[in-house]
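Before any comments, here is the structure.
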Amino acid sequence: MIVVAFVVFYVSRSLLQGLRQTLEQHVPCLLQILGASNMGNSCVCREDSGAEDNVESRSRQTENSRVPAPETMSHPRDPVRPPRRGRGPHEPRRKKHNVDGLVLDTLAVIRTLVDNDQEPPYSMMTLHEMAETDEGWLEVVQSLIRVIPLEDPLGPAVITLLLDECPLPTKDALQKLTEILNLSGAVARQDACHPAKHRNTTAVLGCLAEKLAGPASVGLLSQGILEYLLQSLEFQSHPTVMLFALIALEKFAQTSENKMTVSETCISDQLVLLEKWMDNPDYLKRQVGFCAQWSLDNLFLKEGRQFTYEKVDLTHVNAMLNSNDVSEYLKISPHGLEARCDASSFESVRCTFCVDSGVWYYEVTVITSGVMQIGWATKDSKFLNHEGYGIGDDEYSCAYDGCRQLIWYNARSKPHSHPCWKEGDTIGFLLDLQDKKMIFYLNGNKLPAEKQVFSSAVSGFFAAASFMSYQQCEFNFGAKPFKYPPSAKFSTFNSYAFLTAEEKIILPRHRRLALLKQVSIRENCCTLCCDEIADTELRPCGHSDLCMECALQLETCPLCRQEIQTRVRQIAHIS
C-alpha cells in the first residue's frame, strides 16, 4: 500500500512538473498573440475612423425612409457638432461620405432649425468641410443638382443656403463645373422631361452668379450657359424651370458686362409674354409673371414699353408696403401690396401705416409655401437681414410661421396647432390694443391669443413680414374685401391711412438711383439715413459716421462688424 502510494505520488509530481514546464514555454506566446490581436483591432478602429460616420449615415437614411433604426445602436453621434476645418497632422483620414445622403439630410432637418443661435446640422457642416477642396466642392454642387426633389418648397432655398456658406470656388473649379454640366440650348430642349434637374441647375447658377462678382461672374456666363438659360424661358419648359432661369439671369445681370450681354439677346420680348402670368390662378406661373414684370421694370428694359408704376391704378390704395424701409434685395410690386425675396438674406418689410390704439385686421395670401415670418412689429424692431433676424426675432415684434408651424417672439419659437400653409392659403392677423392681444388665423381658423409682446411694446405697431429665399406673398390692408373677416369689430389700415400720389409711387431701381444722384447731401451727415448729423461714436471700434438714432438700431458696426458696446454722442457736433 505504501509502495502504491509512493508510485502514485511520484507519477503525479512528474505530471505536474511536465505541465508546469509546458505552460512556461507556451503561455508567453499565447499572451503575445492575444496582445497583438487586441492591438490590431484598435489600429483598425483608428485607421477607419469614418466607420462611425457611415453607421450614422445609414441610420439617418433609414430614418428618412421611415424604417425604425435598430435599437442595438450605441453611443450615437451628436447631430450638431462644432465645425471641423480640415484634418490635423495626427488626425486619421476619414472615409468618403455619401454626399447625396448628406444633402438630403440637410433638406430634411432644415425645418427644425428654429433658433437663430442654433448650430448648423452636422450634415451641413460636413458638406461645408468637403467643399473646401475643388474636388469636394464639385461633388457637393453635382449632388445638389442631382437629388433635391422638385416638390419640396425649401429645395432651392437649401441650395442657396449650402452654396452661400461654402468657400468661394476657384477659377479651376468653375471651369471644371462648366465642362461637367456642358450646358446649351439643345440640352434644355432635350431634357425638358426632367424639370427637377433643370430647376436645380438654374438655382445653382443663380446662386453662383450672386456669390461671385466681376470677372468671375462674367467668365461663368459662357455662351452655352446663356443659351441654356434663355431656352429655359420658353413655354415648353416647366414653370419652375422658367422661374429659376429668370432669377439666374437677373443675378448674372448684377454685373454690368453680363447685363449688357443678356440685354442684347432681346430677352425683353419673351419677358413681355411671361408678364401676362402676373395674375394667373396657378401660383407657380404667377411667380414667373411677377419676376418677369420686375425684370422689365428694373433690368431688361424694353423700348416703348410703359413702366408698370406709370399705369397701375392706386386710387383706392391708402396703405402699402414701405419701399423706403427695405433693402434693395426685396422686390415690391408697383401697387405696393406684394413682396418677394430672391436673395440669400432674410429680408423684412413694414407697412406704411402705424397704429396706436383700437382693433385692427389684415390678411395675407400665401404665394409660396416656404419660410416666412409674418405678423406685427414696431419701429423699434431691428431687422438684421444678413444675420437672419426678422419679424418675431426681438421683443418688439411677433410673427406667424406657417411653414415650420411656429409662433415667433424675441427670437424664440413655440409650435402652433395649424397645419403647414400652402399656396393660396389666407392668413389673418388681428391686433387688439385694447385687450392687448394678437390672434392669428389660417383660412378663418384662429389660434389662441398671443400677449407676450405687450410686455415690451403697447403702441406703434406696423404690419410686417420677413422672407427666406424665393418666398412671396400678397397683402390686403382693406382695399378689397377680406376672405375671412373675424366676427369681432375691427378697423382696416386702408380706411384710416393716407398717402399722397407721390408717396404711392414705387420707382424702378434705375430711376430711384438717378434721383438719389441729384440729392445734395451734407458733408457731415449720417451715412445711413443721410438726414441727421453724424454725431455719435461707436465703441470700442471708434467709428463715428452715424447719428444716434441710427446707431441705436445697430448691434454691430456697419464698417468693421465689431460688436457695439456703447454709443457716445460727440458734444462738438451738437448745434
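Return a yes/no flag: does the range 200-212 have any residue that is basic (Lys, Arg) and surrounded by fewer than 16 Cβ atoms within 10 Å (Cβ to Cβ).
Of all residues in the range 200-212, those basic (Lys, Arg) come to 211.
Among the residues that remain, those that are also surrounded by fewer than 16 Cβ atoms within 10 Å (Cβ to Cβ) are: none.
No, the range 200-212 has no match at all.
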One residue from Gly370, Gly304, Gly336 being open to solvent by less than 10 Å² (accessible area, probe 1.4 Å), in a loop (DSSP other than H, G, I, E, B) and at positive phi: Gly336
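Only one of Tyr362, Tyr400, Tyr389 is farther than 24 Å from Leu552 by Cα and out of contact with any helix residue (DSSP H, G or I) (no Cβ under 7 Å at 6 or more places or on another chain). Can you tell me which? Even if it seems obvious, please write down each step before you answer.
Working: Tyr362 fails: out of contact with any helix residue (DSSP H, G or I) (no Cβ under 7 Å at 6 or more places or on another chain); Tyr389 fails: farther than 24 Å from Leu552 by Cα.
Checking each option against the conditions leaves just Tyr400.
Could you list, in sequence order, the residues of the range 322-331 that are open to solvent by 20 Å² or more (accessible area, probe 1.4 Å) and either under 18 Å from Val288 (Cβ atoms) or not in a loop (DSSP other than H, G, I, E, B) (or both)? First the steps, then the outcome.
Our first condition is that a residue be open to solvent by 20 Å² or more (accessible area, probe 1.4 Å); within the range 322-331, this holds for 322, 324-329.
Residues satisfying the conditions are Asn324, Asp325.
Within the range 151-230, which helices (runs of 4 or more DSSP H) (wholly inside it) include 1 or more residues that are closer than 30 Å to Arg111 by Cβ? Give the derivation first.
Details: elements: 155-165, 171-181, 185-190, 195-211, 215-220.
Hits in the range 151-230: 155-165, 171-181, 195-211.
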Tabulated pairs, the range 188-208, first under 18 Å from Ala253 (Cα atoms) and touching a residue at least 12 places away in the same chain (Cβ under 8 Å), second open to solvent by 30 Å² or more (accessible area, probe 1.4 Å) and in a helix (DSSP H, G or I), C-beta under 8 angstrom, 6+ apart or interchain: Thr201/Leu181; Cys207/Asp164
Boolean, Leu538 is of a type outside the set (Phe, Trp, Tyr) and touching a helix residue (DSSP H, G or I) at 6+ places or on another chain (Cβ under 8 Å): yes
Residues of the range 373-400 classified as open to solvent by 10 Å² or more (accessible area, probe 1.4 Å) and of a type in the set (S, T, N, Q), total: 1
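Just the residues that are among the small types (Gly, Ala, Ser), under 24 Å from the mean Cα position of the chain (by Cα) and not in a helix (DSSP H, G or I), please, taken from the range 231-254. Please lay out each step first, then the result.
Pass one, the range 231-254, residues among the small types (Gly, Ala, Ser): 232, 237, 245, 248, 253.
Among the residues that remain, those that are also under 24 Å from the mean Cα position of the chain (by Cα) are: 245, 248, 253.
The one that is among the small types (Gly, Ala, Ser), under 24 Å from the mean Cα position of the chain (by Cα) and not in a helix (DSSP H, G or I): Ala253.
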Top-ranked residue in the range 166-199 [being among the charged types (D, E, K, R) and surrounded by 15 or more Cβ atoms within 10 Å (Cβ to Cβ); ranked as nearest to Leu212 (Cα to Cα)]: Lys176
Every residue from the range 448-481 that is of a type in the set (A, V, I, L, M, F, W, C), touching a strand residue (DSSP E or B) at 6+ places or on another chain (Cβ under 6 Å) and surrounded by 16 or more Cβ atoms within 10 Å (Cβ to Cβ): Val453, Ala457, Phe461, Phe462, Ala463, Ala464, Ala465, Phe467, Cys473, Phe475, Phe477
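When you check Ala173 against the structure, is it closer than 23 Å to Ala245 by Cβ and touching an Asp or Glu at 6+ places or on another chain (Cβ under 7 Å), yes or no?
On the way: closer than 23 Å to Ala245 by Cβ: yes; touching an Asp or Glu at 6+ places or on another chain (Cβ under 7 Å): yes.
Considered against the rule, which asks whether it is closer than 23 Å to Ala245 by Cβ and touching an Asp or Glu at 6+ places or on another chain (Cβ under 7 Å), Ala173 comes out as yes.
Consider Glu310 carefully, then state whether it is within 30 Å of Leu384 (Cβ to Cβ) and among the charged types (D, E, K, R). Break it down stepwise before answering.
On the way: within 30 Å of Leu384 (Cβ to Cβ): no; among the charged types (D, E, K, R): yes.
In short, no.
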Yes/no for Thr426 being within 30 Å of Glu250 (Cα to Cα), open to solvent by 10 Å² or more (accessible area, probe 1.4 Å) and more than 21 Å from the chain's Cα centre (by Cα): no
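If we scan the range 179-199, do we find a residue that is under 26 Å from the mean Cα position of the chain (by Cα) and of a type in the set (Ser, Thr, Tyr)?
Restricting attention to the range 179-199, the residues satisfying the condition of being under 26 Å from the mean Cα position of the chain (by Cα) are 181, 194-199.
The next check asks that each one be of a type in the set (Ser, Thr, Tyr); those that pass are none.
No; the residues of the range 179-199 include none that is under 26 Å from the mean Cα position of the chain (by Cα) and of a type in the set (Ser, Thr, Tyr).
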Residue match in the range 269-283 (condition: crowded, with 20+ Cβ neighbours inside 10 Å, in a loop (DSSP other than H, G, I, E, B) and in contact (Cβ under 8 Å) with a residue 12 or more places away in the chain): no
Count - residues of the range 344-359 that are open to solvent by less than 20 Å² (accessible area, probe 1.4 Å) and under 12 Å from Phe477 (Cβ atoms): 2
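Scanning the range 535-563 for residues that are under 26 Å from the mean Cα position of the chain (by Cα) and of a type outside the set (S, T, N, Q), which turns out most open to solvent (accessible area, probe 1.4 Å)?
Arg561
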Near pairs, Cβ below 9 angstrom, 6+ apart or cross-chain, from the range 297-309 (touching a residue at least 24 places away in the same chain (Cβ under 8 Å)) to any residue that is open to solvent by 40 Å² or more (accessible area, probe 1.4 Å) and small (Gly, Ala, Ser): Leu299/Ser263; Phe300/Ser263; Leu301/Ser263
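The values are calculated or read from the model by the stated rules, or taken from the named source; none is laboratory data. All of these numbers come straight from a predicted model, not from anything done at the bench. No Cβ is skipped: glycine too gets one built from the backbone with ideal geometry, and neighbour counts run over all protein chains shown. Note: accessible area is taken over every heavy atom of the protein model, side chains too, but ligands, DNA and RNA are not part of it. Shrake-Rupley method; radii C 1.70, N 1.55, O 1.52, S 1.80 Å.
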